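*Asks:* Quick one: this structure, given as structure tokens, is what I'll be asking you about.
Taken together, the values in this text are just the output of simple stated rules run on the coordinates, not laboratory data. What you are looking at is a predicted structure, and each value in this text was computed from that prediction instead of being measured. Don't worry about glycine lacking a Cβ; one is built from the backbone with ideal geometry, like all the others, and counts go over all protein chains shown.
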């Protein structure tokens, strides 16, 4: 117990003795974890936005003039089997005529004495997000069905939106990874300074038979303390930012930022892992 308290106190003392370098390390951890947190929140909420957009995205399929409602119903069963298709809705010739009347106010049968509108259907794609959807294969599979005449869609629009989304996440992930690397180096350099300032004490401990683990532990704890402080500050910032943003959004729109706050515990875990890497890197070079 006395050994544990000694190691703990030494780790805390090291924080106070090297305030400037510790501040740099804590700020780096804070910056990297804040970036990771923003990335997680953005991914979670953009994911819902993508699902909402998919729910509004529809493919219009028009069948050949000779196709009856019963034949179209059979073709709908084939369309439903295509990967990526969520649901289909049949629009009969009579229903199409009613839609035309409501939109344009004219009755085609008065001029043509028959209904020229074809049987059609509306195809909805899957809303659940499991990676960027490839709309073109779905369109091609629909076009291959024998009774299909034309297919109207906005494949380019949804593909561009989802491509931009994927690229944005990839870019943010790269930035977060780069910041983490810099943070590991900063923590490592901070521990190096602490080790260098205590080189005489380390020699004395070795002479009296102290184990390598006993010598290393205060420096490891120092790195962990730095990371935990940075994680706590990042968590407070993210929580305050989300609560403040939702308060503002509630006055302007029904949209809110949804967050699973359990991810904050992952931030602390990431912080500890970063600190262990940084500390181990410094200790392995200076303590043989």
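*Asks:* What base-10 log of the normalised intensity I(q)/I(0) is obtained for the stretch 67-109 from the Debye formula, alpha carbons as equal point scatterers, at q = 0.26, 0.27, 0.33 Å⁻¹?
*Replies:* -0.86, -0.88, -1.07
*Asks:* Then there is this: Calculated FRET efficiency, residue 126 and residue 182, Cβ-Cβ r, R0 51 Å, to nearest 0.05?
*Replies:* That pair, residue 126 with residue 182, gives E of 0.80.
*Asks:* May I pose another question? Could you calculate the FRET efficiency of residue 257 with residue 86 from 1/(1 + (r/R0)^6), where r is the beta carbon distance between them and R0 is 30 Å, rounded to 0.05?
*Replies:* The value I calculate is 0.70.
*Asks:* Using the per-residue mean of other Cβ atoms lying within 10 Å as a proxy for protection, in what order, highest first, do the peptides 272-279, 232-239 fall?
*Replies:* 272-279, 232-239
*Asks:* Okay, next question. Between residue 239 and residue 272, what is the spin-label point distance in nm, taking each point 7 Å from the Cα along the Cα→C-beta axis?
*Replies:* 1.8
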